Amino acid sequence: MIAFLGGLLLGVLGAWVARRFWPIRPAVAGPAGASVGPHLLPDPALGWLMRANQALGVWVSEVGVGEEGPRAERRVDAERLSVVQVEAVDRRLERARDAEEHGVERLGVGTLVFRARAGFAVAILLPHSFDAARLGEVEQDLERMLEGARRRPQIVAIAQAQTQDAQLESAGSVGLRLAYQLERSLETEVVVAAVESSAADDERVRIVGVSGRGDRRLLETVLPPHAELTRVALGTIPQTLTVEDPLGAVVADRRQRVGATLLVPIATGSSAPVGAIAIHLVNGLEPAGAVRAEMLEAVTNAAPRLARAVSTDAAVRSAASDPLTGLVNRRGLEQALTRVDAREGALIFADLDRFKQLNDTLGHPAGDAALIHFARILREQVRGGDVPARIGGEEFAIWLPGATLDLGKRIAERVRIKLGTTAWEWQGRHWPLSASFGVAACPETNPDLGNLPAQADAALYVAKRSGRNRVEAAGAAR
């Protein structure tokens, strides 16, 4: 299924440029430091678009997550563009991405055509000799490429969900399918949220599906209790039409959409809702007639599937989580490292210093409290998409997808300082806590993700032998 989905996406992207394919001088990728995950377009598509238009360069940019900054991929003709000219286009595309601009601008070296939406931007730099009569075709190509870049994360998520268990749906796969189904029939942006139990045994509402026209940064976010979509999903208010942000500003820089939003609970019969959908209505008019009937049927059919998926997800999380700290366990960490979209990143191993002495002096309940305290610090100090785990007694790990070795070291140092400067005591007795850290990264220290645990563990051993309470990085594999 993954191969099918990947082939489908690649085929769609290639079909619209293959008919105009002709040779061009060799193009080279951007700087080696550019970090591009599998959520961006495959490199061949950029090369095809360059050749189809004899372009000087093609760019794809996405808002980054956490500290790593924007992700970008580019292919440029190094023989015709200087580094300064490439950097100038980089900066212009960043501004277009942040402002969600579309446009055509004449630069000294050529004509820049760009489009941006929902944190993504694409651009092509055409030579002055380009036939202006074909500009409309280029703009259509860019629009398709932008849609391809925005939809790829959902395709990867669906594929990942199916690889986890071919017989069971995940909440994410149900939500994504429902969002896309409703987008096709309603021709508008759709967000799907599900009700699930948190570690504290209370109910929370998480976004599990965003249609192609939506903002993918919303995926996996937990809605605040006051958000109207949360209240509809929990059944505290009925179906409603609102002109306010129904998501409670869960993404701070998300632009408010013009028009109203219809909020519909996902429920079967008289049962309590298992989630809710938010449908953006540009003209403020609710769906009617056959379109409304199709919408309600889709929601009704999805309700039992979503309920089963949420229950299955909870069971999977329970099997892969540590009951004391609530972090994922060693199995959960291994699952994160073997995800279909896990290609590069940094792995941190951490170990509380002199933990046996703490247990022997204060008792095992104090040791458990110290572990919970450290786990809380890990959650606070890592980025949103990172995976902190407890993999042994006093042994912890953090998987940082897409992070460089340098970023991994900085985050480990941040955790180390936070632990050492946060007072902790047991039954009125102060006890200083510290930890040692080992960091490895793919591809800097090893080109194979499977080798990172051994490297991080070896670096942690060096940190322990070198005096504890320090961060050590693994050396590059030879």
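From F349, F355, F374, F396, grab the single residue that is in contact (Cβ under 8 Å) with a residue 24 or more places away in the chain, surrounded by fewer than 22 Cβ atoms within 10 Å (Cβ to Cβ) and of a type in the set (F, W, Y).
F355
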Problem set entry | Conditions (1) closer than 19 Å to A459 by Cβ; (2) surrounded by fewer than 19 Cβ atoms within 10 Å (Cβ to Cβ); (3) not hydrophobic (A, V, I, L, M, F, W, C); number of the one not met by P388 | (2)
Exercise. When residues of segment 397-448 are filtered for being among the aliphatic types (A, V, I, L, M), part of a loop (DSSP other than H, G, I, E, B) and at pLDDT below 95, how many remain?
Worked result: 2
Exercise. Are any residues in segment 456-472 out of contact with any Lys or Arg (no Cβ under 8 Å at 6 or more places or on another chain) and in contact (Cβ under 8 Å) with a residue 60 or more places away in the chain, and if so, which ones?
Worked result: A456, D457, A459, L460, K464
For this session: Could you tell me whether any residue of segment 401-423 is within 20 Å of E344 (Cβ to Cβ), crowded, with 16+ Cβ neighbours inside 10 Å and hydroxyl-bearing (S, T, Y)?
Result: yes
Seminar exercise, completed: Checked segment 189-228 for anything in contact (Cβ under 8 Å) with a residue 24 or more places away in the chain, farther than 14 Å from V310 by Cβ and out of contact with any Ser or Thr (no Cβ under 9 Å at 6 or more places or on another chain); matches are V210, G212, G214, D215, R216, R217, L218, L219, T221
Exercise. Mind checking whether some residue in segment 431-438 is in the same structural domain as E334 (by TED's automatic domain parsing), in contact (Cβ under 8 Å) with a residue 60 or more places away in the chain and closer than 22 Å to T338 by Cα?
Worked result: yes
Exercise. Quick one: in segment 399-430, which of the residues that are of a type in the set (S, T, Y) and in contact (Cβ under 8 Å) with a residue 12 or more places away in the chain is farthest from K464 (Cα to Cα)?
Worked result: T404
Problem set entry | Some residue of segment 275-291 being touching a residue at least 40 places away in the same chain (Cβ under 8 Å) and either over 29 Å from L178 (Cβ atoms) or polar (S, T, N, Q) (or both) | no
Seminar exercise, completed: The number of residues in segment 29-50 that are at pLDDT 50 or above and surrounded by 19 or more Cβ atoms within 10 Å (Cβ to Cβ) is 5
For this session: Any residue in segment 239-258 that's modelled with pLDDT of 90 or more: show its pairings with residues that are basic (K, R) at Cβ separation under 9 Å, as long as the two are six or more apart or on different chains.
Result: T240/R231
Exercise. Among the residues of segment 336-355, is there at least one that is of a type outside the set (K, R), in a helix (DSSP H, G or I) and touching a strand residue (DSSP E or B) at 6+ places or on another chain (Cβ under 7 Å)?
Worked result: yes
For this session: Quickly run through segment 174-222 and pick out the residues that are surrounded by fewer than 20 Cβ atoms within 10 Å (Cβ to Cβ), over 30 Å from R144 (Cα atoms) and of a type in the set (V, I, T).
Result: V222
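Would you check which residues across segment 268-307 are in a loop (DSSP other than H, G, I, E, B) and surrounded by fewer than 20 Cβ atoms within 10 Å (Cβ to Cβ) and list them?
Start the filter on segment 268-307 by keeping residues that are in a loop (DSSP other than H, G, I, E, B), which leaves 268-274, 282-288.
Within segment 268-307, T268, G269, S270, S271, A272, V282, N283, G284, L285, E286, P287, A288 qualify.
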Problem set entry | Complete set of residues in segment 369-399 that are touching a helix residue (DSSP H, G or I) at 6+ places or on another chain (Cβ under 9 Å), closer than 22 Å to S318 by Cβ and among the charged types (D, E, K, R) | D386, R390, E395
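Each row is one residue, and each column tells you yes or no for (1) aromatic (F, W, Y); (2) farther than 22 Å from V462 by Cβ.
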residue: T325; (1), (2): no, yes
residue: G332; (1), (2): no, yes
residue: D351; (1), (2): no, no
residue: R354; (1), (2): no, no
residue: L371; (1), (2): no, yes
residue: R376; (1), (2): no, yes
residue: W399; (1), (2): yes, no
Seminar exercise, completed: Subset of segment 223-236, residues surrounded by 15 or more Cβ atoms within 10 Å (Cβ to Cβ) and outside any helix (DSSP H, G or I), comes to L223, A227, G235
Seminar exercise, completed: By residue number, the members of segment 221-245 that are under 12 Å from E203 (Cβ atoms) and of a type in the set (A, V, I, L, M) are V222, L223, A233, L234
For this session: For segment 336-395, name all the residues that are among the polar types (S, T, N, Q) and touching a His at 6+ places or on another chain (Cβ under 9 Å).
Result: none
For this session: Quick one: which residue in V232, V243 is farther than 20 Å from S271 by Cβ, in contact with a strand residue (DSSP E or B) (Cβ under 6 Å, 6 or more places away or on another chain) and not basic (K, R)?
Result: V243
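The values are calculated or read from the model by the stated rules, or taken from the named source; none is laboratory data. As the structure is a computational prediction, the values presented were derived from the model and not from experiment. With ideal geometry, Cβ positions are generated from the backbone for all residues, glycine too; neighbour counts draw on all protein chains shown.
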